[in-house]
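Chemist: Dumping the structure here so I can ask a few things about it.
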Amino acid sequence: KLTVKDLNVRGKRVLMRVDYNVPMEEKNGEMVINDATRIEETLPTLEYLIGQGAKIVLMAHLGRPKGTKEPTMSLRPVAKKLADLLGRPVAFVDDCIGEKAEKTANALQPGDVLVVENVRYYNEEEANDPVFAEKLAKLGDVYVNDAFGAAHRAHASTEGVARVITKRGGQAAAGLLMERELKFLGEELEKPARPFVVILGGAKVSDKIKVIDNLLDKADTILIGGAMTYTFRLALGKKVGKSLVEADKVDVAKAALDKAKAKGVQFLLPVDNTVATPVMTDKLNKKGKPIIDLTNPRTNSGLDIPDNEEGVDIGPETIKQYSDVISKAKTILWNGPMGIFEDPRFAEGSFAVGRAVAEATGKNGAKSIIGGGDSVKAVKKAKLGDKVTFMSTGGGASLEFLEGTVLPGVAVLNDK
Ligand code: 3PG
């Protein structure tokens, strides 16, 4: 794909889509950003464009306001944070289309940065409405997409607007973050240095089945963790106790095991687990459902879990086995935690896998790629973020990309 470095942007209005959908929290009546990674990761593209004398107009979504002007989902605090990070003023307009936005975009000087308000304040954004896309396109001469995390959405700001701009002769290119995401989650895994070890966790087989299927064509070894373990165990006729399972996905799990065998891919399931006894409390969660306490954590050796217990993490033997496999890898892809790592009692599996990945990266020069979402959270929580090769900023987008899907926000960009 064409990248921002292929464009001549001097003096031009660059309309750039970014994924500034950052976690926020209300504190003393103000929205505070809890994790600015997604903003920080766009700085290389922004600094490059500023250096080239581009006039930069940034558009993004925040949350899912569904066409309402939900004030807690305003991008104003994000624009402020961006100004802090860039160390230069960032203008903000409280609408992403219309006269005010257009006037401000037209008045920009080379090197200026403008953020326009949440595109999802309009229903037309998610509907990929062509008239709305035309209105957005009035803000730029060329289009850049640096929003890998939103590239699986065919929305007006990620897809429609690129069509409008290319149709009228403008270019549509990938930003530098987008380029890195496509390189590490894409090219690097197409021709990986071997052994190529994939670590897959998370709660549901149904979320990961297409990823498993796609990676069975590429990987040498797949290590399974997380609650999806128990659906595989059911498929093998084991007892899963009160563990989370998808009984209707047993056939799918069996098919994956068969494919692994046929392809000669080493497919490992945990050999032991941390288990706990779920106990219903009289406290209610936000949704009004009773909160379940996980009590009496212990190691359960073997594959059968007693009736009243639930698997919550991989166990010490599995950690040893997985760490050994990881230590020999030359390429590592990790997507999905090994257990309920948000609870410190059940974080060891994910943290230990994180340490093994970090060590293989540092010692053996393995390329380690963390495929976004919860696995990135686990790596950050274990303070290993600077010891891996790449952490994706995508959640759903990484997953769809790893399934082998062509993302609409990427497909629409010009080829080189
Ligand atoms: C994300 O946070 O994964 C992206 O910003 C996409 O958000 P969405 O799932 O609301 O489209």
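Chemist: What is the distance in Å between the Cα centres of the range 168-219 and the range 335-377?
Modeler: Comparing the Cα centres of the range 168-219 and the range 335-377, I get a distance of 17 Å.
Chemist: Mind jotting down a quarter of the surface of the convex hull over the alpha carbons of the chain, in square nanometres, one decimal? Each step should come with its number before you reach the end.
Modeler: Values: hull surface 85.2 nm².
Averaging across all directions leaves 21.3 nm² for the Cα convex hull.
Chemist: If you don't mind, there's one more thing I want to ask. Over the Cα atoms of the range 217-265, Rg to Rh with Kirkwood Rh, two decimal places? Don't skip to the answer; put the middle values down first.
Modeler: On the way: Rg = 11.3 Å, Rh = 11.4 Å.
Looking at the range 217-265, the ratio lands at 0.99.
Chemist: A further question on this structure: Treat the range 1-105 as a sphere of radius equal to its Kirkwood radius over Cα pairs and apply Stokes-Einstein at 37 °C in a medium of 0.692 mPa s; give the translational diffusion coefficient in µm²/s, rounded to a whole number. Could you put the intermediate results ahead of the total?
Modeler: Working: Rh = 14.9 Å.
Here the translational diffusion coefficient equals 220 µm²/s.
Chemist: Further question: Specify the residue with the greatest mean-square fluctuation among 404, 226, 237, computed from a Gaussian network of the chain linking alpha-carbon atoms under 10 Å apart.
Modeler: 237
Chemist: Filter the trypsin sites (Lys or Arg not before Pro) in the range 75-182 down to the DSSP loop ones having no more than 15 other Cβ atoms within 10 Å, then list what survives.
Modeler: Numbers: sites: 80, 81, 100, 103, 120, 135, 138, 153, 163, 167, 168, 180; in loops: 138, 153, 168.
When the trypsin sites (Lys or Arg not before Pro) of the range 75-182 are filtered for loop state and at most 15 Cβ neighbours within 10 Å, 168 remain.
Chemist: Now, a different point. Could you pull out every one of the aspartates and glutamates with an alpha carbon less than 18 Å from that of residue 289, ignoring same-chain neighbours closer than 8 positions?
Modeler: Once the sequence-local aspartates and glutamates are set aside, nothing remains near residue 289.
Chemist: Right, another one. Calculate the radius of gyration of the Cα atoms of the range 192-402 to one decimal place, then report Dmax, the largest Cα-Cα distance, as a whole number, both in Å.
Modeler: 16.5, 52
Chemist: Considering only DSSP beta bridges whose two residues both sit in the chain, what percent are antiparallel, to the nearest 5?
Modeler: Values: 17 of 55 bridges.
Roughly 30 percent of the beta bridges in the chain run antiparallel, per DSSP.
Chemist: Related question: Please give me the summed charge of the neighbours of residue 415: other residues whose Cβ is under 13 Å from its Cβ, Lys and Arg +1, Asp and Glu -1.
Modeler: Values: positive: 1, 416; negative: 6.
The answer is +1.
Chemist: Also, I was wondering about something else. A 23 angstrom limit on the alpha carbon distance is what I want to check against. Which of 242/320; 100/138; 135/183; 320/363 exceed it? Each step should come with its number before you reach the end.
Modeler: Numbers: 242/320 25 Å; 100/138 12 Å; 135/183 32 Å; 320/363 18 Å.
Distance filter (> 23 Å) returns 242/320; 135/183.
Chemist: Rounded to the nearest 5, what % of DSSP beta bridges with both residues in the range 4-179 are antiparallel? If you can, show how the numbers build up before the last one.
Modeler: Details: 4 of 22 bridges.
Here the antiparallel bridges make up roughly 20 percent for the range 4-179.
Chemist: List, in order, the whole-Hz ³J(HN,Hα) value for each residue of the range 401-413 obtained from phi through the Karplus relation with A = 6.51, B = -1.76, C = 1.60 and θ = phi - 60°; use x for Gly and Pro.
Modeler: Those phi angles translate into 5, 6, 6, x, 6, 7, 7, x, x, 8, 4, 6, 6 Hz.
Chemist: Another one. Report, largest value first, the span of the C-alpha coordinates of the range 102-209 along each principal axis, in whole Å.
Modeler: The Cα atoms of the range 102-209 stretch 54, 31, 25 Å along their principal axes.
Chemist: How large, in Å, is the range 322-416 by the Kirkwood hydrodynamic radius built from its alpha-carbon pairs?
Modeler: On the way: mean 1/r = 0.0715 Å⁻¹.
Kirkwood hydrodynamic radius for the range 322-416: 14.0 Å.
Chemist: Under the rule of -39500 (n - 2.57) per DSSP H run of 4 or more residues, summed and divided by the residues of the chain, what mean residue ellipticity at 222 nm is obtained, to the nearest 500 deg cm²/dmol?
Modeler: Helices in the chain give a 222 nm mean residue ellipticity of -9500 deg cm²/dmol.
Chemist: Follow-up question, since we're still on this one. For the range 1-71 and the range 235-287, what is the separation of their C-alpha centers, rounded to whole Å?
Modeler: When both Cα centres are located, 39 Å separates them.
A short reminder: the numbers here are calculations on the coordinates, not readings from a lab. All values derive from a computational prediction rather than experimental measurement. Positions of Cβ are generated from backbone atoms using ideal geometry, with glycine treated the same way; all protein chains shown enter the neighbour counts.
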